[in-house]
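Each reported figure results from applying straightforward, stated rules to the coordinates on display, with no laboratory input. Predicted model, so just to flag it, every value in this text is computed and none were measured. Here the Cβ is made from the backbone with ideal geometry for all residues, glycine too, and neighbour counts use every protein chain on show.
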Amino acid sequence: MIEIRSLYKSFRDKQVLRGVDLTIENGESITIIGQSGCGKSVLLKHLVGLLQPESGAVIVDGRNITTAKRKELYDIRKRFGVLFQGAALFDSMTVEENVSLALRTHTNQETEKIAQRVEECLTLVSMNGTQKLKPAELSGGMKKRVGLARAIAMQPSYILYDEPTTGLDPITADSINDLIIHLNHELNVTTVVVTHDMVSAYKISNRIVMLHKGQIIFSGTPEETQHTTIDIVHRFVTGQADEQPYVITRY
Amino acid sequence: MTTPFSSILLGLAQEFGRRTLSFLIELSRVTQLMRRVFVEIDGVVKDRGLFIKECVTLGVNSLPLVLLVGIFTGAVTGWQSHYQLEGYMPFDLIGPGVWKSLMLELGPALTGLVIAGRVSASIAAEIGTMKVTEQVDALESMAISSVRYLAVPRIAAMTVMMPILVIQSVTIGVLGAAFVLTALMGMTSHQFWGLIPNFFHLYDIFAGLLKSVFFGLSASIIGCYIGFRTEGGAEGVGAATITAFVWSCITILVLDFLLAMILF
């Protein structure tokens, strides 16, 4: 279980998170939605301790990672798999080396066993056979799949997805959504997705929360989200802009 | 009442204070990085594959450039020594003079500056690109220390390879000077080499190599530090590359002076 308590974070003069409170139960598939730049990715990075808050706590399985020492923090991070927005594959490594990096670093498994695990992970994301390719030889969707294979290599309890469908065509995006659902069932993990793609959010989550102006302003099932009467949430999920008068300037 | 002159002075004082504070903050962060590198230095043994790879990439691959700089530096030093000493001192002293100049100053300093241009900037660009494309975050999220994985092998490799590069640079430099002076300036081989053994002191080699260790260490630490704090996409990476080069050069020149005061 992940508990986020009164999380505050700012960058220079910009206050991004203003007291976020959120509890993520084990086995949940939760999606955090919100406008671009509202701090969704910042919140996600706090869950693995990649960012340090000004105040507040992130408690993972009873351990506060904001105050944890480096070694303890690394122990907690081993329970996470993260798929970054651009997949963040290591350019200098092949697909196989990317997926096996954590296994080679943290386990004493033999080369054959590691290769076998890499094959398993790549098969799960339908990318088996690409072991020898470099990230530059992969398309955007393929990179995300390989990034996902890398994220699940250490059999994590939590998988975090940062904008998993951003920049992909609708069909590839849908295949990534199916993959997230498949992995959630297959691996029995807790899934946290950050996105502003509502098609994806409805399809993959059993709970949707909305981050607005640095705070969680809504939490509900996909159905509740679709029928919400909260104006700001309703406008976001239906894709309606603020009713602001636009000034057209003639040049 | 404030006059325009006093407000300009106040502005300058504020700017000076702001820059000094910013410099001290950066310095403390570099020190923190150095501390973490020393704490995680056992990574060199555990991940020796990475260390060897960096020795080849940063050290061996720099050899052609270092040798080129070395041979021309030696040749110019020989040529100009001949010009400057003609009529004042016996030519027999040119050989020891060239050897000492190269070993104590020109070899370590020029190799250091070449390395600052080639290696420090390339480390900053490589780590900076990884930073802005979230590859550094990806490493950390996999519970792999980015300092141990990215900085330790590079810094250790440069610290080890730099003295080796300097030895090669000085050797080729002395040979370059010998060639110019004997083939083009009419000196005999005996005139050039004859007195070198008399002026050969092990302390000179120690001092030159100690300098090179510090230069390699500082250039690589600066490259890593600036790489890790890179922000803002391609523009940020470009800026990081230039910053790493400039600060490495400045640090090498300042260290060169400080070490000269301590060692001689």
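Screening region A:104-143 for residues that are within 13 Å of chain B (Cβ to nearest Cβ) and within 21 Å of the chain's Cα centre (by Cα) and picking the one that is nearest to A:Gly167 (Cα to Cα) gives A:Lys143. The set of residues in region A:155-175 that are buried (at least 22 other Cβ atoms within 10 Å of the Cβ) and either part of a loop (DSSP other than H, G, I, E, B) or β-branched (Val, Ile, Thr) (or both) comprises A:Ile159, A:Glu163, A:Pro164, A:Thr165. Please verify whether A:Arg63 is within 12 Å of chain B (Cβ to nearest Cβ), surrounded by fewer than 21 Cβ atoms within 10 Å (Cβ to Cβ) and of a type in the set (Lys, Arg), treating the condition exactly as stated. In short, no. Within region B:120-135, the set of residues being touching a residue at least 60 places away in the same chain (Cβ under 8 Å) and at the interface with chain A (Cβ under 9 Å from one of its Cβ atoms) comprises B:Glu126, B:Thr129, B:Met130. Within region B:180-215, the only residue that satisfies the criterion of being closer than 24 Å to B:Ile115 by Cβ and polar (S, T, N, Q) is B:Ser212.
Taking region B:1-88 and the helices (runs of 4 or more DSSP H) fully enclosed by it, the elements with 2 or more residues that are closer than 30 Å to A:Lys71 by Cβ are at B:4-39, B:43-46, B:48-54. The lone criterion from (1) within 12 Å of chain B (Cβ to nearest Cβ); (2) surrounded by 17 or more Cβ atoms within 10 Å (Cβ to Cβ); (3) not in a helix (DSSP H, G or I) left unmet by A:Ala151 is number (3).
Of all residues being among the aliphatic types (A, V, I, L, M) and loosely packed, with under 12 Cβ neighbours inside 10 Å in region B:10-41, which is farthest from B:Arg154 (Cα to Cα)? Just the residue, please.
First, the residues of region B:10-41 that are among the aliphatic types (A, V, I, L, M): B:10, B:12-13, B:21, B:24-25, B:27, B:30, B:33-34, B:37, B:39, B:41.
Next, from what is left, pick out any that are loosely packed, with under 12 Cβ neighbours inside 10 Å: B:10, B:12-13, B:21, B:24-25, B:27.
On the way: B:Leu10: 44, B:Leu12: 39, B:Ala13: 39, B:Leu21: 29, B:Leu24: 25, B:Ile25: 24, B:Leu27: 20 Å.
So, considering only residues that are among the aliphatic types (A, V, I, L, M) and loosely packed, with under 12 Cβ neighbours inside 10 Å, the one farthest from B:Arg154 (Cα to Cα) is B:Leu10.
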